[in-house]
Amino acid sequence: MELLSFLRQKVDHISIFGHTHPFVTGPSVGDFESLKILNQSRQYIIEGFNSPFMIRKP
């Protein structure tokens, strides 16, 4: 079972402030999917040793 699917079944509300990527890849489809599933407007990503950047719900 996917982690986000599991959390939706077990938790009424959860927010993710941000997360990391070990390498510079840019936001993934899954990153934007998590915004939609969690009903968040934005989230921060830190890639490698670079400064955090924000992604927003399309």
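The values are calculated or read from the model by the stated rules, or taken from the named source; none is laboratory data. Computed from a predicted model, the values in this text were never measured in an experiment. With ideal geometry, Cβ positions are generated from the backbone for all residues, glycine too; neighbour counts draw on all protein chains shown. Calculation scope for accessible area: heavy atoms of the full protein, side chains included, ligands and nucleic acids excluded. Shrake-Rupley method; radii C 1.70, N 1.55, O 1.52, S 1.80 Å.
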- Select from the stretch 9-58 the residues that are among the hydrophobic types (A, V, I, L, M, F, W, C) and part of a loop (DSSP other than H, G, I, E, B) and list them in ascending order. V11, I14, I16, F17, F23, V24, L38, F49
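For (1) of a type outside the set (V, I, T); (2) at pLDDT 90 or above; (3) surrounded by 10 or more Cβ atoms within 10 Å (Cβ to Cβ), each residue gets a yes or a no:
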site	(1), (2), (3)
L7	yes, no, yes
I16	no, no, yes
P27	yes, yes, yes
L38	yes, no, yes
F49	yes, no, no
M54	yes, no, yes
- Within the set of pairs 6+ apart or on separate chains, which have a first residue in the stretch 14-33 that is polar (S, T, N, Q), a second that is open to solvent by less than 50 Å² (accessible area, probe 1.4 Å), and C-beta atoms under 9 Å apart? S15/L38; S15/Q40; S15/Q43; T20/I45; T20/E47; T20/G48; T25/E47; S28/H21
